[in-house]
Each structure stands twice: as C-alpha cells, then as structure tokens.
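Participant: Below is the structure I would like to discuss, written out as structure tokens.
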Amino acid sequence: MIVGAQWGDEGKGKIVDLLAEHSDLVCRYNGGPNAGHTIVADGETYKLKHIPSGILQGKECVIGAGCVVDPQVLIEELDDLESRGISTERLRLSGNAHLVMSWHREIDGASERRLGKLQIGTTRRGIGPTYADKAYRLGIRVQDLLDRKILRQKIEVALAEKNVWLERVYGEEPVELEGLVERHEEYAERLRPMIADTSLLVDRALRDGKRVLFDGAHGTLLDLDHGTYPFVTSSPTVAGGAAVGTGIGPTRIDSVIGIAKAYVTRVGEGPFPSEIQGADQERLRELGGEFGTVTGRERRCGWLDLVALRYAVRLNGMTSLALTKLDVLSAFAELPVCVRYRLRDGSETEEFPAHQSDFHHCEPVYETLPGWSEPIHELTDVSELPVAARRYVDLIEERLEVPVCLIGTGRERERVLAPGGLETLA
Ligand code: IMP
C-alpha cells in the first residue's frame, strides 16, 4: 500500500509506477480527477488522473468503489493512453464508484466563489459535492450507466433538487436533462466493458497469491477525518481507506509505504507551519517544478516537517518511508528541519496538535542541517550519497523510527535509490 504522507503531490505516481513492475494488480481506492500523477517513462511524460499508473506497465488496474469518476475525464485519459500505444484493456471500474456530474463541478466552483476569502482552494473538479451527494444518497453510480431507464430516472431525481440549488442559491443556469442523459448514454457505451465487481476481483487476486498494490491518492493531511479540516479533500486518504474503498478487509494489507518529499508542498489554502518565508520559497518551487498537475497552480513550499510526518506514520501504520526529490535540495547550503511545534502557551511538542487552533497558531522549531552541493541524480547506490545527504536521511529515520526504503534522486523512473532493493518492497 502506497500512501502520501504530506499534503499530496509527494511523487507517489513514480513510486507506484516503479513498484507496479513487481505487482500483479494496481488499485486506486479514493478520490477522482482532483488527483494528478505525473510519470516520466522512456522519455514520455504521462499525466494520469483516474487511472492507476500500473497501466503503463501493462498491469491489471482497478478503480475501486471509494473513487469518484468523471466519465468525460476518464474517457479523455483512455483516449490519450490508447493514442500513445498504451493498452487500457486491463482496466476495471467498480460499479459502486460514484460519478462526478456537471452540476457537481458547477456547485464546487460556485460554492468556492461564495466563500470568497474563506474558500478551501479546491481543484474545482466537483469532488466535494460528489462525495456529499454520495453521503446524502442522491449520487449517480457507475453501475447506473448500465441501465438506460435507471440512469434517466436517477438523473431526473437528482436534477429536481440540484437545479433549485443552482438557480436559487448560486444564481447559475439550470442543467438540461435531455442533453445530459444523452451524453451519459454515450459514456456508458464506452465504459461498459470495464465495469466489474472489483471487490471480488481483488479478493480473488489475493487468494491466488498475487501481489496487489494499492495506490492512495492525495496525502494524509488532506484526509477528511484526520487531515487539516476543512482544508482537506472529501475522501479518506489514509491507509485504512484502502480496505473500505476497495471492499476488502483491513487484515489483507501487510505493508504500508508512506511517500514524503524531502521537503513539503501544499496547494490550496490552510495552515502550513514550515512554509518558507522569503526567497527560498520561490527557489524551491522553481527547482522542484512545484506547479500543480491538475490545476497548474503554484504549490506553496516548506521545509521538511517531522511533526506532521510523525502523525502520518501513526495514522497510516507506516512500515517504511520513501523519500522523494532529495536531489532538489542539493542547491541549499543549509537545510532547516522542523522537529517540534511551539504552541501559543510556549510549550513545545513533537506530536501533531489535536486541536485546530493549536495547529493554526503553532510556530515551527527547526534544527538546521548542513546541505550538500554535489548533484545526486546520477548516483546508483545509496552508499554514494554525500555525507550531509546521508545525515539528512538518517535524521528522518531516527526521529520517526521508520526505515527509509527508497530515495528519489530525479524525475525519471530509474532515478531512485533503494537501500534494500526494489523487489523486496512490492
Ligand atoms: P478538492 O479535493 O478538489 O475538494 O480540494 C480540496 C483540497 O485538497 C484543496 O486544498 C486541494 O488543493 C487539495 N487537493 C486535492 N487533491 C490534491 C492532490 O492530489 N494534491 C494536492 N492537493 C490536493
């Protein structure tokens, strides 16, 4: 199981892509087109939103029940992959996943505009409204596409409510039924062959002794229950969500690899204690190419935060940590690492504050490590790391009591150091 240990964009796509090589099945269990995985393989750049990156390796891939699927975006992804010679035949889509409808995108945008300064900074892809309708039991599911009558009926019922909101609350145009039904009938034709009972499929794979890799979208601190609410996404992003979102028991997951950047980034609003003040913010953003895959927005950049990472180790039951983009730090003479938070009453803590106000107002306490100037992207063995880089990694292992199993040293698939070997991980 692969899980983002920060606020998303940790470079999970690349790690999943690497580990997929040693897996039989790759499974997404949460989120939708708000997630963006960028993978560079054989000189080609792929940007995936719904489809697990295992597809690039020809692996069987699953989009589980806990996901929300924008059919138009998914079809564009399928077309793009097919046009570049990547087969999508082995993709399976849960009939229980929910569909992002046009009104969800509209309400997401309108509600953010209405919140003004208090906005969450969502990706405006309709994610929150889709999950809200799922909980409200007004959602349209993938399996509804399989039956024309049911599809029309469900869209009609949902629209009766949604158009009132769109027109009266948000002052938007209502959505027209016929065009929408027609469009979804077309989507249905395209997606029908891949709709399957994915819970059964994953269970069978596990029973047959196959290796299943779970590909968690977003990051721990964006988790709906345990993240920095309300500046979170609307699905479970922690490792436990994989069992729920796939439809298997929690006892089936035997290893959890957390992915963390060697520094921290965040898109959207919300508190961020180790956010860099001053010129290094811009420098790190440029060096790390920190612009959103989905929205192109600038990512906010910060120094590594071990308090937040310790929280992620706990929430995910992390068995090891993959540290990505260590090469980006090569340009800095000194590297502050946040080791504690100082709270308003002057006390200091290594544990993530349970109360939102403590988190909003805490100050980072840094230990500053020496940087290294040698480029590290060409290294092939962890023993070749500059002493200062090794020290940086050692500090993380010591303080979090979790082994670092992978170190990312560049964008390409092969730019990674695996102290224990890649095969042992998947
Ligand atoms: P939503 O998921 O579009 O509702 O956005 C809610 C919050 O989660 C916003 O702060 C987004 O920027 C953030 N977010 C959602 N998905 C991702 C992701 O994949 N990477 C980073 N941030 C994300």
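Participant: Is it the case that some residue within the stretch 129-147 is of a type in the set (A, V, I, L, M, F, W, C), modelled with pLDDT of 95 or more, part of a helix (DSSP H, G or I) and touching a Lys or Arg at 6+ places or on another chain (Cβ under 8 Å)?
Facilitator: Within the stretch 129-147 (the criterion being of a type in the set (A, V, I, L, M, F, W, C), modelled with pLDDT of 95 or more, part of a helix (DSSP H, G or I) and touching a Lys or Arg at 6+ places or on another chain (Cβ under 8 Å)), the answer is yes, since at least one residue qualifies.
Participant: Given (1) surrounded by fewer than 15 Cβ atoms within 10 Å (Cβ to Cβ); (2) modelled with pLDDT of 95 or more; (3) touching a strand residue (DSSP E or B) at 6+ places or on another chain (Cβ under 9 Å), identify the lone condition not met by LYS47.
Facilitator: Condition not satisfied by LYS47: (2).
Participant: Considering only residues that are acidic (Asp, Glu) and assigned to a loop (DSSP other than H, G, I, E, B), which ones fall in the stretch 43-80?
Facilitator: Of everything in the stretch 43-80, just one residue is acidic (Asp, Glu) and assigned to a loop (DSSP other than H, G, I, E, B), namely ASP70.
Participant: Further question: Do we find that ASP133 is among the acidic types (Asp, Glu), within 16 Å of the ligand (Cβ to nearest atom) and open to solvent by less than 80 Å² (accessible area, probe 1.4 Å) in this structure?
Facilitator: Spelling it out, ASP133 is indeed among the acidic types (Asp, Glu), within 16 Å of the ligand (Cβ to nearest atom) and open to solvent by less than 80 Å² (accessible area, probe 1.4 Å).
Participant: Look through ALA158, ALA132 and report the one residue that is among the hydrophobic types (A, V, I, L, M, F, W, C) and under 22 Å from the mean Cα position of the chain (by Cα).
Facilitator: Checking each option against the conditions leaves just ALA132.
Participant: Could you say whether any residue in the stretch 271-282 is on the phi > 0 side of the Ramachandran plot and touching a residue at least 12 places away in the same chain (Cβ under 8 Å)?
Facilitator: no
Participant: Could you say whether any residue in the stretch 217-235 is more than 15 Å from the ligand (Cβ to nearest atom) and not charged (D, E, K, R)?
Facilitator: no
Participant: Suppose we filter the stretch 385-426 for residues that are among the charged types (D, E, K, R) and farther than 30 Å from TYR46 by Cα; how many remain?
Facilitator: Residues that pass the stated criteria total 7.
Residue-by-condition table, conditions (1) at pLDDT 95 or above; (2) more than 30 Å from GLY171 (Cα to Cα):
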position	(1), (2)
ILE51	yes, yes
GLU77	yes, yes
SER87	yes, yes
ARG92	yes, yes
GLY95	yes, yes
LEU99	yes, no
LEU118	no, no
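Participant: Quickly run through the stretch 19-42 and pick out the residues that are away from the ligand (no atom under 12 Å from the Cβ), open to solvent by 10 Å² or more (accessible area, probe 1.4 Å) and either touching a Gly at 6+ places or on another chain (Cβ under 7 Å) or not in a loop (DSSP other than H, G, I, E, B) (or both).
Facilitator: The answer is VAL40, and nothing else.
The values are calculated or read from the model by the stated rules, or taken from the named source; none is laboratory data. Keep in mind it's a predicted model, so treat the numbers as computed, not measured. A quick note on method: Cβ atoms are made from the backbone with ideal geometry, for glycine too, and the neighbour counts reach across all protein chains shown. These accessible areas exclude ligands, DNA and RNA; they are computed on the full protein's heavy atoms, side chains included. Shrake-Rupley method; radii C 1.70, N 1.55, O 1.52, S 1.80 Å.
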